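One structure is given below, encoded as structure tokens.
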Amino acid sequence: AVLISDKDGTWEWANEGFTKMYGYSLNEFIDARGATISEASSSGKIKHIIDEAVYLKKSVTYTSRGMRHDGTELWVQSTLTPIFDKNDELKRFIVIDTDITHIKRINNELRKLSLVASKTDNSVIMMDKTGKIEWVNDAFHRFYDMSLDEFKTLYQKTIFDLHTEVKGLFDLNEIITSRKSKSFVSSFVTRRGVQKWIQSNLTPVAGMGNDNDQIIAIETDITRLKMVEEEMKLQRKKSDELLLNILPAETAEELKSQGHAQPRYYDSATVLFCDFKNFTFYCEQLSPHQLVSELREYFDVFDDIVGKFYVEKIKTIGDAYMCAGGLPIRNRSHAFDVLLTALEIHKVTHEINQRKIAEGRQPWEMRIGIHTGDLVAGVVGKRKFAYDIWGDTVNIASRMESACEEGRINISGDTYNMVKDFFNCTYRGKIEAKNIGKFDMYFVDGLKPEYSTD
């Protein structure tokens, strides 16, 4: 836009560029903004600018913010030039306005971006297309505990000299060609020996041709997040281990993945019950602490034996210890496995009792009962999950234990029929089991000689 005023600054003429820029004719502009340079200008220093131009007899350039006729913002760079005659008398002023609104906006955005890049907690790295680092922000120094010059002295010049563990995994040309960001996570140890975990995001920036293409890396310190993740993994591992101490592995996985575990029917499983004779008497003679300590002396060893023979511990109820074979994984050896378990429980109980006698303590005599049949196993309830089994097989196994003599292993006829080829057993006849009638019962004497080493 070109405007001309007289020596007093009163507007006399404007070109078509003026109308295009401001949206006014000159007369409309005068009516709206004022008839002189001083009145129309939005610069608060216009009088000083005019005085300076006249005094120096030269053009003065200044920037001001105005409005177009439609009310939109307009940033203008103005050049005010005084015109003198041969006698150095001021004749008029010429004002040339250039619309710099878009430049101003770009500068504002660049200023904001520069502020963000310099103040952000993220490390910002600018590289050429070969990965050579050209510029870094302040956070880079905090991340790596060194300046860019120190980095170039100690290492080489690319981002992958910081993250050697991912070197060779990224093709920078591919990133530039695809115009897609790539990210990776790696660790870095500072000169002070502090390990940091850093997530880097590489973004291609198109230039004016391939030679000007650049890559910006925005890096985030995720060390604290990594520490939290590792702590969560540790806690999850502890939680899983605790769950596996309570539930069979298959049931625990089902419970974690589905939120519930479906009870399952087993057409053949073997249940073992054992408890101590005269336990009520021991309760009266020992303090609660001593009682629990002595129970643990037996039950801790029983747990090891059960795991050795792939038998599942179900629960303890007071002095009663209950386990089962053939679940949660079905198998055909469950009766054999449970009898081996019973024989070893019988053996270690005798060893513990001998030690207790030598120490002047009261030995606890154990009875073991075993039965084979169908049952249902699973987890019920919402809280304090416990794996349990139900059915007549469980009740009969309990009765086998009740009908047993101390220091012996008593099995039902159903169990005997499954193990008779491997174990020596003594038939006891049909014996009344409380509330459920008479059952064939057998004492287990041990493995047959051809299968035994002692």
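The values are calculated or read from the model by the stated rules, or taken from the named source; none is laboratory data. Nothing here was measured: the structure is a model prediction, and the numbers come from that model. In this analysis, Cβ positions are derived from the backbone assuming ideal geometry, glycine residues included, and neighbour counts consider all displayed protein chains. To get the accessible areas, we keep the full protein, side chains included, count just its heavy atoms, and leave off ligands, DNA and RNA. Shrake-Rupley method; radii C 1.70, N 1.55, O 1.52, S 1.80 Å.
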- Item | Angle in degrees between helix 249-258 and the longest Cα principal axis of the chain, rounded to the nearest 10 | 40 degrees
- For the range 13-75 and the range 332-350, write down the distance between their C-alpha centroids in whole Å. 105 Å
- Query: A386 to R142: FRET efficiency via 1/(1 + (r/R0)^6), r the Cβ-Cβ distance, R0 60 Å, to the nearest 0.05?
  - Reply: 0.70
- Note on the structure: For G66, other-chain or 5+-apart residues with amide H closer than 5 Å (H placed, Pro excluded) are L74, W75, V76
- Message: Tell me whether the range 1-115 comes out rounded, prolate or oblate; compute the Cα gyration tensor, take square roots of the eigenvalues as a ≥ b ≥ c, and use a/c under 1.5 as the rounded threshold.
- Response: oblate
- Efficiency of FRET from Cβ geometry, Q214 and K86, R₀ 56 Å, rounded to 0.05: 0.50
- Counting Lys and Arg as +1 and Asp and Glu as -1, each charge on the Cβ, what is the dipole of the chain about the Cα centre in debye, to the nearest 20? 440 debye
- Solvent-accessible surface ranking, highest first, for V194, V95 at 1.4 angstrom: V194, V95
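Relative to the Cα centre, what is the charge dipole magnitude of the range 22-74, using +1 at the beta carbon of each Lys and Arg, -1 at the beta carbon of each Asp and Glu, and rounding to the nearest 20 debye?
That gives the range 22-74 a dipole magnitude of about 280 debye.
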- Task: Just need the relative contact order of the chain here, percent rounded to a whole number, with Cα pairs under 8 Å and 6+ apart.
- Result: 8 percent
- Query: How large is the charge dipole for the range 343-389, taken about the Cα centre, if only the Cβ atoms of Lys, Arg (+1) and Asp, Glu (-1) carry charge, to the nearest 20 debye?
  - Reply: 300 debye
- Under a no-solvent Debye model with one identical scatterer per Cα of the range 326-454, what's log10 I(q)/I(0) at q = 0.10, 0.12 Å⁻¹? -0.38, -0.54
- Item | Out-of-range pairs (alpha-carbon distance over 26 Å; input K129/K152; K313/K430; K308/K438; K47/K104; K7/K45) | K313/K430; K308/K438
- 222 nm mean residue ellipticity, helices alone, for the chain (DSSP H n ≥ 4; -39,500 (n - 2.57); rounded to 500): -12000 deg cm²/dmol
- Item | Note, ³J(HN,Hα) from phi for the range 352-359, Karplus 6.51, -1.76, 1.60, rounded to Hz, x at Gly and Pro | 5, 5, 5, 5, 5, 4, 5, 8
- Task: Tabulate in residue order the Karplus-calculated ³J(HN,Hα) for the range 189-204, using 6.51 cos²θ - 1.76 cosθ + 1.60 with θ = phi - 60°, rounded to whole Hz; enter x for Gly and Pro.
- Result: 10, 6, 5, 8, x, 8, 7, 10, 9, 10, 9, 10, 10, 9, 10, x
- Once all Cα-Cα distances of the range 252-377 are split into 10 Å bins that start at 0, what whole-number percent is in each one? 12, 39, 29, 16, 4, 0
- Item | Vicinal HN-Hα couplings computed from phi for the range 57-67 (Karplus, 6.51 cos²θ - 1.76 cosθ + 1.60; Hz; Gly/Pro x) | 6, 8, 5, 10, 10, 8, 10, 9, 10, x, 9
- Message: If I stretch the segment between K238 and F281 completely, what's the gain in nm (0.36 nm per residue apart, minus their alpha carbon distance), one decimal?
- Response: 11.6 nm
- Message: If I stretch the segment between I431 and R65 completely, what's the gain in nm (0.36 nm per residue apart, minus their alpha carbon distance), one decimal?
- Response: 120.8 nm
- What length, rounded to one decimal in nm, is gained on full extension from T10 through to E297, with 0.36 nm per residue of separation minus their alpha-carbon distance? 92.2 nm
- Note on the structure: Under 5 Å from the placed amide H of F423, counting only residues 5+ away or on other chains, we find K448
- Query: Rounded to the nearest 0.05, what FRET efficiency do H289 and H350 have when you use their Cβ-Cβ distance and R0 = 22 Å?
  - Reply: 0.30
- Put +1 on the Cβ of each Lys and Arg and -1 on the Cβ of each Asp and Glu in the chain; which of I100, V301, S412 then has its Cα farthest toward the positive end of the dipole? I100
- Item | Shape call, the range 5-54: gyration tensor on alpha carbons, a/c limit 1.5 | prolate
- Query: Taking the simple approach of a point 7 Å from Cα along Cα-to-Cβ for both E230 and Q362, what is their distance in nm?
  - Reply: 5.3 nm
- Percent carbon-and-sulfur accessible area, the chain, ignoring ligands, DNA and RNA, probe 1.4 Å: 50 percent
- Query: Helix 223-246 versus the longest principal axis of the chain: what is the Cα-based angle in degrees, 0 to 90, to the nearest 10?
  - Reply: 20 degrees
- Query: With point charges of +1 on the Cβ of Lys and Arg and -1 on the Cβ of Asp and Glu, referenced to the Cα centre of the chain, which listed residue (N353, H371, I396) lies farthest in the positive direction of the dipole?
  - Reply: N353
- For the chain, rounded, prolate or oblate, judged on the Cα gyration tensor with a ≥ b ≥ c (square roots of eigenvalues), a/c < 1.5 rounded, else prolate if a/b > b/c? prolate
- Note on the structure: the chain accessible area per residue, 1.4 Å probe, protein heavy atoms, integer Å², reads 58 Å²
- Checked against the positive end of the charge dipole of the chain (+1 on Cβ of Lys and Arg, -1 on Cβ of Asp and Glu, about the Cα centre), the farthest of I218, A40, L74 is A40
